[in-house]
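*Asks:* Here it is, the structure, as structure tokens.
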Amino acid sequence: MTDLEILCKKIDQLIAQLGGYWSKEWLIEPVIEELGELSKELQIDAGLHPGKTTNKGKLEEEFGDLLFAVIALGRGLEINIESSLLKSINKYQNRK
């Protein structure tokens with residue numbers, strides 16, 4: 001089992017403890033929410049929100065939340081995360 005597969009199983013277990021995956025039409029909502037939170041931190045980091053500060057730890061936290069939500073989306077849609085990611089990597093490599 002790869003590290004990614006182990007992480008996916010951990011996410012599955014946590015989601016199961018929380019009551020299971022949402023219905024498919026709602027799985028995108030946490031991704032949108034977490035993307036917005038990461039976007040806000042990036043804007044703060046770029047100085048677009050005067051008086052507010054962020055740090056690498058906060059950016060990593062929000063990035064991790066987004067990854068969690070994206071993986072949960074894929075798992076809820078019964079998509080093989082590793083296979084999907086490898087296909088995307090190959091697609092980008094072939095664009096050279």
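Throughout, read-outs are computed from the coordinates displayed, never taken from laboratory work. Since the model is a prediction, treat every value here as computed from it, not as a measurement.
*Asks:* Within straight cross-link reach of K56, meaning Cα distance under 28 Å, which lysines are found once same-chain residues fewer than 8 apart are removed?
*Replies:* K9, K10, K40
*Asks:* Another question, then. Note the per residue figure in Å³ for the convex hull of the C-alpha positions in the chain.
*Replies:* Cα-based convex hull of the chain, divided per residue, equals 146 Å³.
*Asks:* Oh, and also: For the range 72-96 and the range 17-38, write down the distance between their C-alpha centroids in whole Å.
*Replies:* Here the two parts' Cα centres lie 19 Å apart.
*Asks:* Quick one: angle between helix 56-76 and the longest Cα principal axis of the chain, in degrees between 0 and 90, rounded to 10, please.
*Replies:* Tilt of helix 56-76: around 30 degrees.
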